[in-house]
1. Looking at segment 217-258 only, could you name the residues that are closer than 22 Å to residue 399 by Cβ and part of a loop (DSSP other than H, G, I, E, B)?
2. Restricting to segment 332-353, what's the tally of residues that are assigned to a strand (DSSP E or B) and closer than 30 Å to residue 134 by Cα?
3. Kindly list, by first and then second residue, each pair from a residue in segment 86-100 that is not assigned by TED's automatic domain parsing to the domain that holds residue 239 to a residue that is surrounded by 21 or more Cβ atoms within 10 Å (Cβ to Cβ) and in a strand (DSSP E or B), limited to pairs with Cβ atoms under 6 Å and residues at least 6 apart or on different chains.
4. Tell me which of these residue 160 doesn't satisfy, since it passes every other one: (1) assigned to a loop (DSSP other than H, G, I, E, B); (2) surrounded by fewer than 19 Cβ atoms within 10 Å (Cβ to Cβ).
5. Any idea which residue in segment 578-594 is surrounded by the fewest Cβ atoms within 10 Å (Cβ to Cβ), counting only those that are outside any strand (DSSP E or B) and either in the same structural domain as residue 289 (by TED's automatic domain parsing) or touching a residue at least 40 places away in the same chain (Cβ under 8 Å) (or both)?
6. Just need a number here: residues in segment 289-307 that are modelled with pLDDT of 90 or more and over 23 Å from residue 384 (Cβ atoms).
7. Working only within segment 207-236, note down all residues that are in contact with a helix residue (DSSP H, G or I) (Cβ under 9 Å, 6 or more places away or on another chain) and crowded, with 21+ Cβ neighbours inside 10 Å.
8. Please go through segment 481-520 and give me each residue that is farther than 25 Å from residue 677 by Cα and in contact with a helix residue (DSSP H, G or I) (Cβ under 7 Å, 6 or more places away or on another chain), ordered by number.
């Protein structure tokens, strides 16, 4: 293969790699969010607790086990100073836990998360996943019971507990709690505003707690009283109850869904119209420390075929949004209605779906889906999803209820599409949650290829008893076997091209001043010899989309998060490997030594040594070409080292294994070619013909002054 053509191929390949690296750097976040301390590792979310709150109270088996604080009236003053309105609230904030954090075991139904419900705003203070942890150290020690509990007490900075998916978002001294009910506006039949307030800063009252075998729930409520006589107690104000908002959170075993029911009840004798703003599943932490891969995600029903399509808005779009201003994304009554809204990060997602009413129930109220940009740290913003019920028309004594199903769990392909998976739900497939797995977009790696590789990784991991490192190596072997025929043809073509270098050099000298004729003659020459330079490049071009698709699949596969290849090294295939670390970061290297990228560079160098063009075994036409060969043999491994130094160890493991496999494959193919050439040479036979040999082959007579005197 011509050196110039090889240079073009390598430069195109390098350009693709640099483009991927540049895209990753462009999305790099400027700071670490409030929901995850700066000292935490890349995959460790915050374990948040309210700064001034007492310890959360665990949920009891029956409501009588722990009585709720006595509700108290909170007056709302009119212009004349008469307490015409009263709100039923608690004196202090309380927390109630539903669900559980026991590790799921084979054949046993368990809760997949624990929800900590707060009376402040009737919100979720935090939601922790049972089978996912903040750090690798947590995961490795979690099954040891008391030993793990003791380690958490003694080293809280190292062992940080279960993964906290939903967390409060602090903005300018105020906490925005996930699932909180915020703005409430009550109007009369003429449209006049009767009452308006922010429910997210009020402590709701406990209504009921239930704990069945497979289900737990907690109900909170907030009530508003009208025309209450001044100085009346809450008991005396009972006949003046005007409006009540009920919120019920329900969780079930073996289910990643939180069921949220919001009911507004009109106790008055006149019709009213109610507007209520409900926050969505907010506070999803940043998962990747090098780039913020969080997205605002929502699904809408396409009018043409009624399929659910998914839109993803990257965090970088927040720079274009005005802070605090809610943007309407769409409504449930649009021509292409939005039916769910949520937020995702690299491996997890929280999506709030507007549930359809059961048969015989009233149609669901209209919902507007909105989002706002909220500053979670001085250098980072986050989406705050919300659902607004713009006009709940309630007749006298009537109530209206709206139900949401909130998925809170890993973005696992099996959970979303595999019918046989224990945590699969048909709604997940119908709502197209699998499209929240951010496979990116690349001109040479289609989504189906990325999802196919993710499926293969899951299958191979099961064969390898859960070891994703072994699964990656099996995938390398599969790709090498499939592409072996093309690789072999390419090596044979490069070997033949190497032998044709002298003839091609003569053509270049002959047609040095006529480039068009030179190209035609070279193509004719290639055709006569039965070869082409493209055969040597074809395996590289075919592997490039596989490589890029796998890079995307490894970045999006939650199975690789905290997945170990070896117990002492490569303990998290979703993060760069670390041999050892130091406190003061160094230029280009950072604060830790990564061994895998170095091995990748070494394997690249060895592969270039076996390549006849790169190794300099093929004769170079000019001294400049010889220098280019030498420079590319050195620069390519260095460039790969720089680009892949901070990449996930799972990707580097694939590249290293594939490159070393390519070195071995090249060596075997070259030995095979040499053996065939030697065998062909041994079969050649020299035949001595009678008579005198041709003049060119006969030895010349000795010349000298007495040559004519010899007989």
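1. Matches in segment 217-258: 227, 228, 234, 237.
2. Within segment 332-353, residues that are assigned to a strand (DSSP E or B) and closer than 30 Å to residue 134 by Cα number 11.
3. none
4. Looking at each condition in turn, residue 160 falls short on (2).
5. 588
6. So the answer is 7.
7. Within segment 207-236, 209, 222, 225, 228 meet the criteria.
8. If the condition is that a residue be farther than 25 Å from residue 677 by Cα and in contact with a helix residue (DSSP H, G or I) (Cβ under 7 Å, 6 or more places away or on another chain), then 507, 508, 511, 518 are the ones that fit.
The values are calculated or read from the model by the stated rules, or taken from the named source; none is laboratory data. Note that the structure is a prediction, hence the values are computed from the model and not measured. We place every Cβ from the backbone using ideal geometry, glycine too, and count neighbours over all the protein chains shown.
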